[in-house]
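Note sheet for the following structure.
Readers should treat all values here as calculations from the given coordinates under stated rules, not as data from a laboratory. Because the structure is a prediction, the values reported are computed rather than measured. Cβ atoms come from the backbone with ideal geometry, glycine included; neighbour counts cover every protein chain shown.
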Amino acid sequence: MSFAVLERSYLSALAAPMTYEHWMQVNHSLDGSLEARDAHWLYSLVSAQGDRSVCLFEVPYTETVREACREAQISFQHVWQAEQWLDQESTSFPQGVSLVVAEVNFDPPMSKTHYDATKSQAVNCFQELNIQPLVSLISLDGKNAICLFVAASAEHVRSLYRKINKPFEQVWKATLIQPIE
């Protein structure tokens, strides 16, 4: 099994703040299509404004998510295969804290070695800004990433990226939605 990231934008903003029940209503048509393809939803990050989401799935192959979305007639912007570079297991993400997503594109591509070195060099910035890294979803080609942090605000994370001289595309506050066990 591998991981697939699904990125979606919404012209009409979703309810904010997003709840598990509402998220399941928005995506109910996708459930059967994913299940039939042996794909498993792990979690979703929904922007505080309700205009964007990022979902992580465990899948037999990345095309599984594209096929399921097309079958369910759910629009999407991107689906890509990812590796999880974990700072904390997703099952133990802290509940009730302020989560921030950073969307990052790399040129040249990011390697695990460079990622680890950058994080080591940024330790003081993490402490200064009171930011805790949780997980980074990195595309297999190393060109795209979705990074999740515990932080007081999106601006704190933007400041972090500026201090370590790393570019970012978007940074936004997120609500974590996970399957109920």
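When the helices in the chain are scored as -39500 (n - 2.57) per DSSP H run of 4 or longer and the sum is shared across all residues, what 222 nm value do you end up with, to the nearest 500 deg cm²/dmol? Using -39500 (n - 2.57) per qualifying helix, the result is -9000 deg cm²/dmol. With Rh defined as the Kirkwood radius, the inverse of the mean 1/r over Cα pairs, the Rg/Rh of the stretch 41-181 is 0.95.
Helix 20-36 and the longest principal axis of the C-alpha atoms of the chain enclose an angle of approximately 70°.
Each label was represented as a point 7 Å from its Cα along the Cα-to-Cβ direction; for H78 and D107 these points are 1.3 nm apart. Take the Cβ atoms of E21 and T118, set R0 to 35 Å, and the FRET efficiency comes out at 0.35. Computed from Cα positions, the angle between helix 154-163 and the longest principal axis of the chain comes to roughly 50 degrees.
The count of lysine pairs in the chain with alpha-carbon distances below 20 Å, taking only pairs 8 or more places apart or on different chains, stands at 7. Using the Cβ of Y20 as centre and a radius below 14 Å, the other residues enclosed give a net charge of -3, where K and R count +1 and D and E count -1. Seen from R162, the other residues with C-beta closer than 13 Å to its C-beta sum to a net charge of +1, counting Lys and Arg as +1 and Asp and Glu as -1.
Between the Cα long axis of helix 63-72 and the first principal axis of the chain there is an angle of about 50°, rounded to the nearest 10.
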